[in-house]
Amino acid sequence: MSERSVAAALEELSTSIPWDQAADWDVSGLTLGDPSQLVRTAGVCHEVTGEVVAAVEREPVDLLVTYHPLLFRPVRTVRAVSGPEGLAFRLIRLGVSLAVAHTAFDVCPGGTADSLAASLDLQETCGFGPLETAPQVKVVTFIPARYTKEVAEAMSSAGGGRIGNYRGCSYRTEGIGAFLPQAGSAPVVGVAEEENRVAEVRLEMIAPAARQDAVVAALRKAHPYEEPAFDLYPVSANLPMVGRVGVLPDPLSGPELVDRVADVLDVEAVRCAGVKEAKMSKVAVLPGSGGSFLASAGACGADVVVTADVSHHQMAQADQLGIGVIDPGHAATEAPGVRRLLGLVAGVAPRIVDLTGLRPGPRVRVRRKTG
């Protein structure tokens with residue numbers, strides 16, 4: 001396998017990890033490093049911890065792909081201190097580029113949510129729980145039909161018209177544009193100082209708000225009119241789904257499902273509430289902290305939700321909704337997806353270092369009362 005730059009490796013991974021589909025509050029994509037750096041060796045970890053950085057110091061990598069963000073909250077300095085900023089400093093000093101998958105990988109086909117569903121053998125799965133991504137706009141303009149292709153291609157090249165793994169997406173309708181060019185104008189079609197009616201195409205294209213200026217500039221440059229008309233609308237569109245709901249191949253009782261989850265995810269104990277003795281077949285899963293999506297899972301007809309970090313009040317809400325909750329822990333629900341992430345990164349790097357066994361977070365143990 002040949003070497004490639006960090007930017008090229010991440011672009012190749014974008015077919016499996018849509019970096020622009022991360023939640024608007026999230027950190028995703030390249031967060032440290034040089035996009036032009038060559039990738040000879042890549043590492044994959046669940047979370048950047050002191051153990052992970054120490055392992056990279058012993059066995060260097062050019063690109064480290066982590067599931068959890070390192071600099072999740074803003075920092076004012078990057079110094080040789082304890083905590084995330086200190087770990088970032090050590091990676092920078094080592095010349096390691098750092099890319100974050102997180103919610104961009106949760107939502108995509110074959111990502112963290114699908115991997116958790118597959119680990120429990122769920123079938124006929126579909127998504128639930130729309131995830132708000134970075135702000136978007138819809139750019140609309142009006143063009144004589146023969147110029148539509150040229151303008152659409154210019155807008156697309158500037159970052160518009162991207163929906164998931166599709167590019168150049170637009171909607172076009174035909175209509176009549178009316179205008180009266182004033183004295184001193186130079187209309188491309190029509191006659192100055194007379195009302196003109198021209199067959200036009202209404203071209204609509206979605207774009208990230210961060211690319212709005214570039215898309216509008218491309219539109220104006222490619223548009224044939226002296227004064228092109230265009231509209232900008234803030235939209236919430238094409239939201240990815242962060243959870244999955246499906247059916248078990250054979251219905252299980254509540255206790256049987258709890259045991260299945262504990263065995264498959266290799267945990268010593270789980271928190272649960274509202275898990276009934278009756279047989280259940282429809283299960284919703286959401287990796288990581290999914291307590292805010294319990295009502296969405298219930299609306300999909302789920303009997304029980306497998307997720308993590310469910311608070312007391314969220315457990316009470318689920319009980320009122322008649323939904324069971326199984327909480328095996330944050331990292332455990334993400335582990336199947338992290339293993340999938342390792343396989344994807346291995347496909348773009350000549351050499352891979354597996355750091356996924358260095359589990360994130362404190363080592364929590366369940367202690368039972370003995371007397």
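The values are calculated or read from the model by the stated rules, or taken from the named source; none is laboratory data. Keep in mind that this is a model prediction, so the values were computed, not measured. Virtual Cβ from ideal backbone geometry, glycine too; neighbours counted across all protein chains shown. Only protein heavy atoms, including side chains, enter the accessible area calculation; ligands, DNA and RNA are left aside. Shrake-Rupley method; radii C 1.70, N 1.55, O 1.52, S 1.80 Å.
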Practice prompt. Could you please put 225, 166, 233, 171 in sequence from largest to smallest accessible area, using a 1.4 Å probe?
Written response: 166, 171, 233, 225
Worksheet, complete the sentence: With all protein chains present, the chain has a carbon and sulfur share of its accessible area (1.4 Å probe) in percent of 51
Fill in: Phi-based couplings in Hz for segment 118-131 (Karplus 6.51, -1.76, 1.60; Gly and Pro marked x)
5, 5, 9, 6, 6, 10, 6, 6, 8, x, 8, x, x, 10
Item to complete: Classify segment 1-56 as rounded, prolate or oblate from the Cα gyration tensor: take a ≥ b ≥ c as the square roots of its eigenvalues, call it rounded if a/c is under 1.5, otherwise prolate when a/b beats b/c and oblate if not.
Response: oblate
Discussion item. At 1.4 Å probe size, put 128, 179 in order of accessible surface, largest to smallest.
Written reply: 179, 128
Worksheet, complete the sentence: Scaled by the rule-of-thumb 2.2 N^0.38 Å, the alpha carbon Rg for segment 1-146 gives a ratio of 1.23
Fill in: Convex hull projection area averaged over all views, segment 140-184, Cα basis, nm²
4.4
Worksheet entry | Distance between segment 221-268 and segment 112-154 - C-alpha centres, whole angstrom | 11
Worksheet item: If you take the alpha carbon radius of gyration of segment 236-364 and divide it by 2.2 N^0.38 Å, what ratio comes out, to two decimals?
Response: 1.14
Practice prompt. Compute, for residue 40, the solvent-accessible surface of its heavy atoms (probe 1.4 Å) with the complete set of protein chains present, and express it in square angstrom to the nearest 10.
Written response: 120
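Assuming R0 = 22 Å, what is the FRET efficiency of residue 12 and residue 233, from their Cβ-Cβ distance, to the nearest 0.05? Write out the running numbers ahead of the final one.
Values: r = 33 Å, r/R0 = 1.50.
That pair, residue 12 with residue 233, gives E of 0.10.
What 222 nm value per residue comes from the helices of the chain, counting each DSSP H run with n ≥ 4 as -39,500 (n - 2.57) and dividing by all residues, nearest 500 deg cm²/dmol?
Helices in the chain give a 222 nm mean residue ellipticity of -8500 deg cm²/dmol.
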Fill in: On Cα atoms only, tilt of 254-264 relative to the major axis of the chain in degrees
80
Item to complete: Report the trypsin sites (Lys or Arg not before Pro) located in segment 218-260 that are in a DSSP loop and have at most 14 other Cβ atoms inside 10 Å of their Cβ, or state none.
Response: none
Worksheet item: So what does log10 I(q)/I(0) come out to for the chain at q = 0.14 Å⁻¹, using the Debye formula with one equal point on every Cα and no solvent?
Response: -1.15
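Please identify every one of the GluC sites (Glu not before Pro) in segment 222-319 that sits in a loop by DSSP and has no more than 15 other beta carbons within 10 Å of its own beta carbon.
Within segment 222-319, the qualifying GluC sites (Glu not before Pro) (loop, at most 15 other Cβ atoms within 10 Å) are 226, 268, 277.
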Discussion item. Taking the 0 to 90 degree range and rounding to the nearest ten, how far is the long axis of helix 148-157 tilted relative to the main principal axis of the chain, both from C-alpha atoms?
Written reply: 40
Item to complete: Could you pull out every one of the lysines with an alpha carbon less than 17 Å from that of residue 149, ignoring same-chain neighbours closer than 8 positions?
Response: 221
Worksheet entry | Order of exposure, largest accessible area first, which applies to 108, 300 with probe 1.4 Å | 300, 108
Worksheet item: Which angle between 0 and 90 degrees, to the nearest 10, do you get for helix 84-94 versus the longest principal axis of the chain when only C-alpha atoms count?
Response: 80
Worksheet item: Is segment 63-149 rounded, prolate or oblate when judged by the Cα gyration tensor, a ≥ b ≥ c being the square roots of its eigenvalues, rounded requiring a/c under 1.5 and prolate requiring a/b larger than b/c?
Response: oblate
Worksheet item: How much accessible surface does residue 36 have with a 1.4 Å probe, in Å² rounded to 10?
Response: 80
Discussion item. Under the rule a/c < 1.5 gives rounded, and otherwise a/b versus b/c splits prolate from oblate, where does segment 180-300 land using the Cα gyration tensor?
Written reply: prolate
Item to complete: For segment 68-204, take the alpha-carbon Rg, divide it by the Kirkwood Rh, and send me Rg/Rh.
Response: 1.22
Worksheet item: Tell me, what is the Rg over Rh of segment 9-93, with Rh the Kirkwood radius over Cα pairs?
Response: 0.94
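Please compute the volume of the convex hull spanned by the alpha-carbon atoms of segment 219-279 and report it per residue in Å³.
216
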